[in-house]
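Here's the structure, in structure tokens; my notes come after.
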Amino acid sequence: MNLKNFIRSIPDYPKKGILFRDITTLIKDKEAFSETINQIVEKSKKFDFDKIAAIESRGFVFASAVSYIRKKPFIMLRKKNKLPAEVHSVDFQLEYGSATIEAHKDSFNDKDKILVIDDLIATGGTADAAARLIEISKAKVAAFIFVINLYDLGGSNTLEKKGYKVENLISFPGH
């Protein structure tokens, strides 16, 4: 199954010049969604990890299913002020703004190896922030798995240059 056929491309969203790769058309198709989860599960078998983390919000869709199948704890990396207990926070830049992600301070420990799953990597700012968030919690990033890699925006290369392992299911140009 070619998962690319299930990704809708929307020009000039959320602002002019951005070609948005929409995963809602993939997750609403039961066979395409199932195949996506199966491919992520297979890729995850390459890595030694203790927990799965995902970045709000679309990463949750994929990571929770993989977490269930792999029988691993699932940690949500959330937007600012969405978690009720004490948190670690990391501010970062997006292609079209800035943001903050947080994790509960008790989500990770110094022995944890974390597999990070998200829907898409573009410039890598959000993924890098997730890595920093995990590392300030004294855990280690085992790898990243993305459904979509916008390869010409360089995020995967940036992560790999920092020593992280990166996998993806689908590649598209970013523009």
Taking region 140-157 and keeping residues touching a residue at least 60 places away in the same chain (Cβ under 8 Å) and of a type outside the set (Val, Ile, Thr) leaves 142, 143, 150
A careful count of residues in region 30-60 that are closer than 13 Å to residue 116 by Cα and assigned to a helix (DSSP H, G or I) gives 7
**Prompt:** Has region 112-132 got any residue that is more than 20 Å from residue 23 (Cα to Cα), out of contact with any helix residue (DSSP H, G or I) (no Cβ under 8 Å at 6 or more places or on another chain) and surrounded by 23 or more Cβ atoms within 10 Å (Cβ to Cβ)?
**Reply:** yes
Among (1) at pLDDT 95 or above; (2) surrounded by fewer than 17 Cβ atoms within 10 Å (Cβ to Cβ); (3) touching a Leu at 6+ places or on another chain (Cβ under 9 Å), residue 95 falls short only on (1)
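Sort out which residues of region 158-171 are over 17 Å from residue 39 (Cα atoms), touching a residue at least 12 places away in the same chain (Cβ under 8 Å) and surrounded by fewer than 18 Cβ atoms within 10 Å (Cβ to Cβ), and write them in order of number.
158, 162
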Among strands (runs of 3 or more DSSP E) entirely within region 77-175, at least 2 residues that are in contact with a Gly (Cβ under 7 Å, 6 or more places away or on another chain) and under 22 Å from residue 51 (Cα atoms) occur in 113-121
Here the qualifying pairs (Cβ atoms under 9 Å; residues six or more apart or on different chains; first in region 77-97 and under 22 Å from residue 138 (Cα atoms); second exposed (fewer than 11 other Cβ atoms within 10 Å of the Cβ) and modelled with pLDDT under 95) come out as 91/98; 92/98
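The values are calculated or read from the model by the stated rules, or taken from the named source; none is laboratory data. Treat the numbers as computed from the prediction; the structure is a model and nothing was measured. Cβ atoms come from the backbone with ideal geometry, glycine included; neighbour counts cover every protein chain shown.
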